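Contents: one structure, followed by commentary.
No value in this document is a laboratory result; all are computed from the given coordinates. Because the structure is a prediction, the values reported are computed rather than measured. Cβ: placed from backbone, ideal geometry, glycine included. Neighbour counts: every protein chain shown.
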Amino acid sequence: MLAGFWRRAPIPALIILAALLPARPAPAQDAAAMRFGAQGFTLENGMQVVVIPNHRVPAVTQMVWYKVGAADEPRGKSGIAHFLEHLMFKGTKAVGPGMFSQIVAKNGGRDNAFTSEDYTVFHQTVAADRLELVMKLEADRMNGLVLEDAVVLPERQVILEERRSRIDNSPAALLNEQVRTAIYLHHPYRNPTIGWESEMAQLSTADALAFYRTWYHPNNAVLVVSGDVTVDEVRRLAEKYYGPIPAQPVPPRLRVKEPPRVAAARLEFRSPEVAQANWTRSYLAPSYTGGETKYAYPLQVLAEIVGGGATSRLYRALVVEQKLALAAGAFYDPGPLDLSTFGFYATPRAGVEMAQLEAAIAAQIKTLLEKGVTPEEVARATARMQAEEVYSRDSLAGPARIFGAALAVGRTIDDVEAWPARIGKVTAEEVNAAARYVIKDADAVTGVLLPANPAAMAEAPAPARHPAGQVPAGSAIQ
């Protein structure tokens with residue numbers, strides 16, 4: 001299933017009040033209270049382990065993150081990472097096809113998996129006393145997967161049908177696919193995680209086994225356990241079940257660099273299936289680990305100020321004041337291993353010409369670049385972001401996803417724990433420098449989704465905060 005950004009919880013009035021107050025250095029005890037309390041260690045075979053204690057309920061989430069995704073696929077084999085994710089449920093000598101999920105369900109748990117450009121993840125949430133069971137199951141398929149044509153070829157039809165239903169039948173998804181090929185001229189992020197249909201149709205059992213034997217090893221994985229556990233308990237179980245699996249040589253992740261962009265790109269897609277027009281403009285941007293990484297934190301603050309909700313600049317200007325749009329905002333994901341994207345989106349009101357909306361957005365971008373953001377805007381944004389961060393600790397899976405995604409691309413526990421402090425130190429000067437570094441006309445890729453008959457476009461409810469058709473780098477499919 002297509003997945004977008006991790007969505008934030010609604011903000012209660014108390015948090016809104018906190019967001020209006022000037023940002024200031026947090027006292028030591030406040031900073032400590034904002035931490036997850038995560039602890040980590042490494043098994044002798046090289047497997048990284050992170051434990052996030054949360055004793056609110058007697059349950060745990062186990063996640064195993066393999067440091068391989070769609071961007072690591074061999075040329076001509078797009079979709080193999082996601083295909084193998086499906087095939088990991090097809091059984092081992094000890095656990096027959098389809099039995100993995102049945103065993104988890106019979107024990108009152110739930111499980112799933114997802115693939116992104118940079119990692120592949122398998123996860124279960126169970127009662128705390130069933131942690132040993134799911135560790136045993138997950139360790140078994142780390143090096144015991146059994147694949148034959150009899151199970152592989154029917155599953156290939158499943159992923160082809162998934163592509164048809166999720167991508168080919170969705171004008172927004174098709175446009176996004178094309179937009180990404182224009183954003184990334186050379187980097188494998190330009191390829192869809194689910195794969196190109198012509199290549200998916202040729203994937204074989206041998207391809208799946210080769211990918212599995214190359215990447216699925218304990219020294220290329222991160223185990224994250226979140227919930228009602230202790231570090232000592234997780235260490236004992238991890239050493240018992242994952243520890244005996246031998247490390248294997250893992251190839252380097254060969255990622256090509258993007259060439260300089262010399263021309264902007266514009267893609268328009270009209271379809272009779274489109275009821276609501278949509279507009280996006282994207283730019284290549286640094287991430288935590290790719291490009292000019294010093295801009296990653298300022299870009300997060302910029303996205304919050306310009307397009308982070310109903311009080312953001314774009315929303316106020318286009319939706320509230322000028323009444324040109326149903327929704328408007330900005331998007332940015334700092335998490336990819338390599339370069340990410342920063343951009344803007346808007347959905348026009350019925351009767352508003354796309355050119356009129358686009359001109360209004362251009363005026364807002366021009367003002368941003370010429371006048372910049374103010375220290376007061378940065379203070380409110382960072383306080384709001386820090387307050388919202390508290391909610392990320394409320395679930396079991398949320399913290400596990402945050403830490404797993406970070407460690408899978410080479411970041412550390414300390415990087416995650418330090419996020420509130422680092423975001424709080426961002427200055428207006430840094431935000432303005434980041435905006436001018438990323439937002440350049442020559443680098444822009446514009447995507448326009450239109451109904452085949454513009455007169456047929458009806459007033460529709462405003463879309464979610466992040467635009468249809470704009471799937472960020474690091475997004476995932478299940």
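Could you identify the single residue in 150, 105 that is under 28 Å from residue 197 (Cβ atoms), surrounded by fewer than 16 Cβ atoms within 10 Å (Cβ to Cβ), of a type in the set (A, V, I, L, M, F, W, C) and free of Cβ contacts under 8 Å to residues at least 24 places away in the same chain?
Numbers: 105 fails: under 28 Å from residue 197 (Cβ atoms).
So the residue among 150, 105 that is under 28 Å from residue 197 (Cβ atoms), surrounded by fewer than 16 Cβ atoms within 10 Å (Cβ to Cβ), of a type in the set (A, V, I, L, M, F, W, C) and free of Cβ contacts under 8 Å to residues at least 24 places away in the same chain is 150.
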**Message:** Tally up the residues in the stretch 99-127 that are part of a helix (DSSP H, G or I) and either closer than 22 Å to residue 220 by Cα or within 27 Å of the chain's Cα centre (by Cα) (or both), please.
**Reply:** 4
**Request:** Tally the residues that are assigned to a loop (DSSP other than H, G, I, E, B) and among the basic types (Lys, Arg), restricting the search to the stretch 236-273.
**Result:** 4
**Request:** Sort out which residues of the stretch 229-243 are crowded, with 18+ Cβ neighbours inside 10 Å and small (Gly, Ala, Ser), and write them in order of number.
**Result:** 238
**Asked** If you take the residues of the stretch 310-356 that are among the hydrophobic types (A, V, I, L, M, F, W, C) and in a loop (DSSP other than H, G, I, E, B), which of them is farthest from residue 277 (Cα to Cα)?
**Response** 337
**Prompt:** Which number in (1) out of contact with any Asp or Glu (no Cβ under 9 Å at 6 or more places or on another chain); (2) crowded, with 16+ Cβ neighbours inside 10 Å; (3) of a type outside the set (Val, Ile, Thr); (4) assigned to a helix (DSSP H, G or I) marks the one condition that residue 226 misses?
**Reply:** (4)
**Asked** Within the stretch 381-401, can you find the residues that are closer than 21 Å to residue 302 by Cα and in contact with a helix residue (DSSP H, G or I) (Cβ under 6 Å, 6 or more places away or on another chain)?
**Response** 381, 382, 383, 384, 385, 386, 387, 389, 392
**Unique residue being more than 20 Å from residue 443 (Cβ to Cβ), crowded, with 24+ Cβ neighbours inside 10 Å and among the hydroxyl-bearing types (Ser, Thr, Tyr) when the list is 311, 289, 347** = 347
**Asked** Restricting attention to the stretch 215-232, which residues are in contact (Cβ under 8 Å) with a residue 60 or more places away in the chain and either of a type in the set (S, T, N, Q) or more than 20 Å from residue 146 (Cα to Cα) (or both)?
**Response** 219, 220, 222, 223, 224, 225, 226, 227, 228, 229, 230, 231
**Request:** Look at the stretch 154-192 and say how many of its residues are in a loop (DSSP other than H, G, I, E, B) and of a type outside the set (S, T, N, Q).
**Result:** 5
